Amino acid sequence: MNILLIGGGGREHALAWKLAQSSQVESIRVAPGNPGIAEVPKCKCVSLDLNDLNKVADYAEEYSIDLTVVGPEATLVAGIADVFRSRGLPIFGPDKAAAELEGSKAFSKNLMRKYNIPTAAFKVCTDIESARAFVEEQGAPIVVKADGLAAGKGVVVAMTKEEALAAIDEMMAGHKFGEAGARVVLEEFMEGEEASLLAFTDGKIVVPMIASQDHKRVNDGDKGPNTGGMGAYAPAPVMTEALRIKAEETILKPVIAALNAEGRTYSGCLYAGLMIKGDSVKVVEFNCRFGDPETQVVLPLLDSDLAQIMLACATGTLDASMVQWKNGAAVCVVMASGGYPGSYENGKVITGLKEAGTMEGLVVFHAGTKTVNGNIVTAGGRVLGVTAVDKDIKSAKNRAYAAVEKIRFDRAHYRRDIAWRALKR
Ligand code: AMP
Ligand code: GLY
């Protein structure tokens, strides 16, 4: 199988690393990829204009690509899967209409309401007066979300009415997220513990992966501003077997059926961000792609052939028996640039990558790196995902931090408490 993989972050490094392990895979072209991906066997980084989807499809034809795998949501929401499918090219990822599940929070919330999928109560507002009035009426805490894609930054969990009103002003009058904030969703604040449940689906059946947990806040103890994710671990013990079954029956299967009923068949990876409290499980959000950094801890525990699963998702032939898991646990510690998620400097030379990467049970996934004059340097907020696999969370955590100690770059920042909720249990 020849694969084309779109993307160049830690998620795509994990996807490339796992796909390369398949005996069925001959080559993986990754656009744009990154220096870590360039080192993965069978992988070659290529440059493609992702704004011209027909050119991407031409490329897939020219290089006899058997399967295209799409990492980032923006490319899916732009409709890459529609272009590929219309040309008979197998692709892993939902088409434009189905990707609206992530692309529009208003669409996603209305769909959940219509099909009784458990989620926070909400109101969609298209004008600033009604948004302000709703906040005045409901009070705080309340959650303000930009409708469209905002790179994970379009959500404000407001603990006071003033914060909520300020967020509404920024999004709707200040156009902080452009068109994405022209509509906002105001949501009931949910208490509980979050978990990410990713699933493979071919549009007919849905097969959940093992549950994981992300760490969104930048500092230890879940303090400070939200980031794209400072670390993750799997499996997440908050997701008991009973809760997983509940999530599958009341959320995953119903949303795939709902999308089918709406004429928007969904295939690829479905990401459910869940809020768990006692025996209740509700949807925080859906994403139309693999999570990052969740993918970096979920895929190392997959015992099966990822290429075979993805091709089955793309061709409507998925079977639950194709997806098997290893025992043990994985922990990923994200090493970020000092200052992230605010402004930070790029170009810091990274040392110790070889020493860390050759440790047993360890992979260093690259998220924001670049090669300059033979050195690997920082080139993004999240720089590396240092991921360890071991028999349990505690051992995996120790192994991951032992590797982190070996890696250095100026102003490196990382959390020291990844997996704390699991270990507290
Ligand atoms: P989202 O981008 O929708 O996942 O939101 C980002 C983060 O905001 C989530 O991971 C939660 O931590 C938080 N959040 C979103 N919606 C709610 C809600 N209704 N209640 C409590 N927290 C929320
Ligand atoms: N880790 C959160 C996300 O991928 O959206």
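The values are calculated or read from the model by the stated rules, or taken from the named source; none is laboratory data. These numbers were taken from a predicted model, which means no experiment stands behind them. Don't worry about glycine lacking a Cβ; one is built from the backbone with ideal geometry, like all the others, and counts go over all protein chains shown. Side chains included, ligands, DNA and RNA excluded: accessible areas come from the protein's heavy atoms. Shrake-Rupley method; radii C 1.70, N 1.55, O 1.52, S 1.80 Å.
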Examine the stretch 121-133 for a residue that is in contact with a Ser or Thr (Cβ under 6 Å, 6 or more places away or on another chain) and more than 28 Å from residue 246 (Cβ to Cβ), and state whether such a residue exists.
no
Residue 291 passes all but one of the listed conditions (1) within 13 Å of ligand 2 (Cβ to nearest atom); (2) over 25 Å from residue 3 (Cβ atoms); (3) not basic (Lys, Arg); the exception is number (2)
Per the filter on the stretch 116-175, residues basic (Lys, Arg) and within 15 Å of ligand 1 (Cβ to nearest atom) are 123, 145, 153
Given the conditions (1) open to solvent by 10 Å² or more (accessible area, probe 1.4 Å); (2) touching a helix residue (DSSP H, G or I) at 6+ places or on another chain (Cβ under 6 Å); (3) of a type in the set (A, V, I, L, M); (4) more than 26 Å from residue 266 (Cβ to Cβ), every one holds for residue 206 apart from (4)
So, first residue over 13 Å from residue 183 (Cβ atoms) and touching a residue at least 12 places away in the same chain (Cβ under 8 Å) in the stretch 126-149, second residue within 16 Å of ligand 2 (Cβ to nearest atom) and among the β-branched types (Val, Ile, Thr), Cβ within less than 6 Å, six or more apart or across chains; the pairs are 143/157
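For the structure I just gave you, tell me whether residue 188 is within 16 Å of ligand 2 (Cβ to nearest atom) and either open to solvent by 30 Å² or more (accessible area, probe 1.4 Å) or under 22 Å from residue 108 (Cα atoms) (or both).
On the way: within 16 Å of ligand 2 (Cβ to nearest atom): no; either open to solvent by 30 Å² or more (accessible area, probe 1.4 Å) or under 22 Å from residue 108 (Cα atoms) (or both): yes.
It is false that residue 188 is within 16 Å of ligand 2 (Cβ to nearest atom) and either open to solvent by 30 Å² or more (accessible area, probe 1.4 Å) or under 22 Å from residue 108 (Cα atoms) (or both).
Residues checked against (1) more than 16 Å from ligand 1 (Cβ to nearest atom); (2) open to solvent by 10 Å² or more (accessible area, probe 1.4 Å):
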{"position": "248", "(1), (2)": "yes, yes"}
{"position": "259", "(1), (2)": "yes, no"}
{"position": "262", "(1), (2)": "yes, yes"}
{"position": "275", "(1), (2)": "no, yes"}
{"position": "282", "(1), (2)": "no, yes"}
{"position": "288", "(1), (2)": "no, no"}
{"position": "291", "(1), (2)": "no, no"}
By residue number, the members of the stretch 214-230 that are open to solvent by less than 40 Å² (accessible area, probe 1.4 Å), outside any loop (DSSP other than H, G, I, E, B) and either among the polar types (S, T, N, Q) or more than 10 Å from ligand 2 (Cβ to nearest atom) (or both) are 218, 224
(1) crowded, with 20+ Cβ neighbours inside 10 Å; (2) away from ligand 2 (no atom under 16 Å from the Cβ); (3) within 26 Å of residue 396 (Cβ to Cβ) all hold for residue 325 apart from (1)
Of the conditions (1) open to solvent by 10 Å² or more (accessible area, probe 1.4 Å); (2) out of contact with any Cys (no Cβ under 8 Å at 6 or more places or on another chain), the single one that residue 183 does not satisfy is (2)
Condition set of a type in the set (A, V, I, L, M, F, W, C) and under 19 Å from the mean Cα position of the chain (by Cα), scope the stretch 30-49, selection farthest from residue 296 (Cα to Cα): answer is 31
Requiring at least 1 residues that are of a type outside the set (S, T, N, Q), at pLDDT 95 or above and farther than 20 Å from residue 199 by Cα, the helices (runs of 4 or more DSSP H) wholly within the stretch 54-158 are 80-86, 105-114
Q) In this structure, does residue 265 turn out to be hydroxyl-bearing (Ser, Thr, Tyr), more than 16 Å from ligand 2 (Cβ to nearest atom) and modelled with pLDDT under 95? A) yes
Q.
Please determine whether any residue of the stretch 331-353 is within 20 Å of the chain's Cα centre (by Cα), crowded, with 17+ Cβ neighbours inside 10 Å and closer than 17 Å to residue 198 by Cα.
A. yes
Filtering the stretch 231-244 down to residues that are away from ligand 1 (no atom under 13 Å from the Cβ) and either crowded, with 24+ Cβ neighbours inside 10 Å or in contact (Cβ under 8 Å) with a residue 12 or more places away in the chain (or both) yields 231, 233, 234, 235, 236, 237, 238, 239, 242, 243, 244
Does the stretch 49-62 include one or more residues that are among the polar types (S, T, N, Q) and open to solvent by 50 Å² or more (accessible area, probe 1.4 Å)? yes
Review point. Of the residues that make up the stretch 190-212, is at least one at pLDDT below 90 and within 11 Å of ligand 1 (Cβ to nearest atom)?
Key: no
Counted residues in the stretch 213-225 being free of Cβ contacts under 8 Å to residues at least 40 places away in the same chain and more than 10 Å from ligand 1 (Cβ to nearest atom) come to 2
With the first residue restricted to the stretch 298-320 and required to be free of Cβ contacts under 8 Å to residues at least 60 places away in the same chain, and the second required to be part of a helix (DSSP H, G or I), Cβ contacts under 8 Å at 6 or more apart or on different chains are 304/322
Counting only residues in the stretch 11-32 that are free of Cβ contacts under 8 Å to residues at least 40 places away in the same chain and outside any helix (DSSP H, G or I), the one farthest from ligand 2 (Cβ to nearest atom) is identified as 26
The condition of being under 24 Å from the mean Cα position of the chain (by Cα) and surrounded by fewer than 18 Cβ atoms within 10 Å (Cβ to Cβ) holds, among 118, 94, only for 118
